[in-house]
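Read through the structure below, which is laid out as structure tokens, and then see the notes.
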DNA sequence: AACTTTCACTTGAAGCATCAAGTCAGGCAG
DNA sequence: CTGCCTGACTTGATGCTTCAAGTGAAAGTT
């Protein structure tokens with residue numbers, strides 16, 4: 001503080017060790033940012049074009065199709081698709097309007113709401129799946145070696161754990 | 001087509017080789033999907049809370065701050081932040097209202113619009129950066145080994161290339 | 001039994017993204 | 001120099017997401 005402390009542009013490299021990112025770290029991070037931006041966009045575009053579904057809608061139908069009785073609680077569905085209950089509620093309302101899904105209060109405990117896949121929704125999912133899977137294969141699964149794909153999944157899980165961990 | 005073809009639930013495992021995903025592939029893919037969903041959400045939440053900025057807004061300010069004269073064409077900015085020109089136009093209008101940025105037609109060629117970072121925008125960015133970088137370090141950069149981070153960046157680039165490649 | 005609380009949603013308003021159409025500058029053809 | 005044409009945005013409407021507040025069912029409290 002005795003000497004001047006401006007000169008924001010250039011500074012000794014070690015000055016911000018741990019505060020800023022090194023150039024290599026930054027490159028990797030920016031690649032990840034681009035991936036997070038453009039991969040969802042690419043998949044949404046494909047699904048929208050070929051099946052008039054967004055990725056969350058697809059995931060929602062897919063999760064229901066694998067549940068017993070084609071039925072899941074809204075809260076479970078929200079967890080599994082990583083969305084807020086509010087977003088899911090609006091979204092299911094739209095799927096309901098389109099006849100893909102219906103809702104009913106859980107007969108055993110009226111606080112819960114069950115979302116139930118309808119045959120038309122299953123048909124929609126089945127018609128959308130092949131092109132979607134093919135595209136996911138092309139972009140990701142068949143584009144990386146088995147080893148790298150597995151590690152990518154692991155890295156993702158490791159990051160997700162940190163997101164969920166309480167600190168900060 | 002001569003025999004019945006329903007029974008959607010169970011089918012021989014090799015039946016859809018290459019059409020569906022194996023259980024390991026599916027696990028990895030679903031991890032990636034969760035990452036794409038929740039990492040942007042986590043970062044947006046942190047930035048919003050600490051600096052009242054979204055990630056795209058942050059990136060926009062950051063790109064401008066590193067450009068000569070704190071100036072970039074809208075189209076360049078759109079490329080660099082992976083957004084559409086339309087979205088960027090709306091976004092920059094909002095940043096303009098807040099006094100972070102201004103726009104002017106390129107004096108040399110009036111078809112281009114330059115976005116220019118204002119001192120207030122730079123100040124905003126500088127106040128937001130430390131907490132943002134710390135969070136990125138915590139979730140990603142310091143959470144993976146140097147080796148794994150580099151590979152993650154490479155995998156991302158590989159996927160991005162496919163997204164950009166014309167076929168399909 | 002009345003009450004409070006909690007939990008699991010639902011809703012409406014406001015903000016942001018997307019899509020299609022419009023504008024406007026400069027290059028080019030005649 | 002007039003009239004297209006292209007490219008680079010900008011705009012307005014529509015739809016989806018988010019945020020804050022509301023509702024209603026069951027469990028616990030007194």
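The values are calculated or read from the model by the stated rules, or taken from the named source; none is laboratory data. All values reported here derive from a predicted model rather than from experimental measurement. All Cβ positions, glycine included, derive from the backbone under ideal geometry; neighbour counts span all protein chains shown.
Annotations
- Residue A:73 passes every criterion in (1) farther than 23 Å from residue B:42 by Cβ; (2) in contact with a helix residue (DSSP H, G or I) (Cβ under 9 Å, 6 or more places away or on another chain) apart from (2).
- Tabulated pairs, the range A:82-100, first within 14 Å of chain B (Cβ to nearest Cβ), second near DNA strand C (Cβ under 6 Å from one of its atoms), C-beta under 8 angstrom, 6+ apart or interchain: A:88/A:74
- Breaking point among (1) surrounded by 14 or more Cβ atoms within 10 Å (Cβ to Cβ); (2) assigned to a helix (DSSP H, G or I); (3) at the interface with chain B (Cβ under 9 Å from one of its Cβ atoms), for residue A:126: (1)
- Listed by first and then second residue, the pairs linking a residue in the range A:34-49 that is more than 8 Å from chain B (Cβ to nearest Cβ) to a residue that is within 13 Å of DNA strand D (Cβ to nearest atom) and in a helix (DSSP H, G or I), with Cβ atoms under 7 Å apart and 6 or more places separating them unless they lie on different chains, are A:43/A:55; A:44/A:55; A:47/A:55; A:47/A:58.
- Where a residue in the range A:148-164 is closer than 12 Å to residue B:30 by Cα and more than 7 Å from chain B (Cβ to nearest Cβ) and its partner, wherever it lies, is at pLDDT 95 or above and part of a helix (DSSP H, G or I), with Cβ under 8 Å and at least six apart: A:154/B:31
- Pairs, first free of Cβ contacts under 8 Å to residues at least 24 places away in the same chain in the range A:54-69, second in a helix (DSSP H, G or I) and surrounded by fewer than 16 Cβ atoms within 10 Å (Cβ to Cβ), C-beta under 8 Å, six or more apart: A:54/A:48
- Scanning the range A:71-81 for residues that are surrounded by fewer than 18 Cβ atoms within 10 Å (Cβ to Cβ) and either near DNA strand D (Cβ under 10 Å from one of its atoms) or in contact (Cβ under 8 Å) with a residue 24 or more places away in the chain (or both) gives A:71, A:73, A:74, A:75.
- Members of the range B:105-120 found to be in a helix (DSSP H, G or I) and either within 14 Å of chain A (Cβ to nearest Cβ) or within 15 Å of DNA strand D (Cβ to nearest atom) (or both), listed by number: B:119
- Residue B:60 vs. criteria more than 9 Å from chain A (Cβ to nearest Cβ), modelled with pLDDT of 95 or more and surrounded by 12 or more Cβ atoms within 10 Å (Cβ to Cβ): yes
- In the range B:154-165 there is at least one residue that is surrounded by fewer than 12 Cβ atoms within 10 Å (Cβ to Cβ), assigned to a helix (DSSP H, G or I) and within 19 Å of the chain's Cα centre (by Cα).
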